[in-house]
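Student: Before I ask anything, here is the structure I am working with.
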Amino acid sequence: MKKFIVCITGASGAIYGVRLVEELSKKHFVYLIVSNNGYVVLDREMGIKKEDFVKKLNKNIKLFQPYDIAASIASGSRVIETEGVIIAPCSLGTLSAVANGLSQNLIHRVADVALKERKKLFLLIREMPLSLVHIENMKKVTMAGGIVSVASPGFYHKPKTVEDIVNFVVGKILDSFGVEHSLYKRWRSDED
């Protein structure tokens, strides 16, 4: 069973993080961190209260508090045991902290540790338009070894529902980590 660290921040698009955790935790172990603003967005966008979200977490998920800097996953010796860190959605404030090496909470810390330990770090940005400051921060993270993506779904698979669109984006994250899934129909897969 592979281990992943997944973080949900206060950016719009909490549905991406929730769907990612659901999919990963079917066969893998997930260390989960949800920021305080992440819980606000879960409630506003999905109607999920913090208490209800926590109750529904399955046995393959261990939840950490966002300001628990003494958490086991705050250490490089624990992060290296994982496949890496995924922040989905990633707020532009979190992007800025990661790009500039600030570790103000556990989400920032695990991202910083992933970069220093050369573990995969994937930031899913859900924002538009972007300022030059945001683009420069994306450049910094990319140059440090991270992967920065925007939640930009494809439409060649002919999505019919919001779930189809979310599954495409989540599937692309899973592709980046080599995790098998059947969340979307691949480009020209009918020709295989």
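No value in this document is a laboratory result; all are computed from the given coordinates. Please read all numbers here as calculations on a predicted model, not as lab measurements. So basically every Cβ, Gly included, is an ideal-geometry build from the backbone, and we count neighbours across all protein chains shown.
Student: Can you list which of the chymotrypsin sites (Phe, Trp or Tyr not before Pro) found in the stretch 40-102 are DSSP loop residues with at most 15 other C-beta atoms within 10 Å? If you can, show how the numbers build up before the last one.
Tutor: Numbers: sites: 53, 64, 67; in loops: 67.
The qualifying sites are 67.
Student: Please grab the % of Cα pairs in the chain that end up more than 29 Å from each other.
Tutor: 17
Student: Can you give the net charge of the other residues whose Cβ lies under 15 Å from the Cβ of residue 56, counting K and R as +1 and D and E as -1?
Tutor: Values: positive: 19, 26, 49, 50, 55, 59, 62; negative: 22, 23, 43, 51, 52.
The answer is +2.
Student: Please work out the Cα center distance from the stretch 121-141 to the stretch 3-47, rounded to the nearest Å.
Tutor: One Cα centre to the other: 19 Å.
Student: Would you be so kind as to identify all helices of the chain, as entire DSSP H runs, whose Cα atoms reach 30 Å or more along the helix's own axis and whose mean Kyte-Doolittle hydropathy is at least -1.0?
Tutor: Span-like helices, by this rule, are absent here.
Student: So what's the stretch 1-115 giving for Cα Rg divided by 2.2 N^0.38 Å, two decimals?
Tutor: For the stretch 1-115, the normalised Cα radius of gyration is 0.97.
Student: Which net charge results for the neighbourhood of residue 167, defined as the other residues with beta-carbon distances under 13 angstrom from its beta-carbon, given Lys and Arg at +1 and Asp and Glu at -1?
Tutor: Charge balance in the 13 Å sphere: +1.
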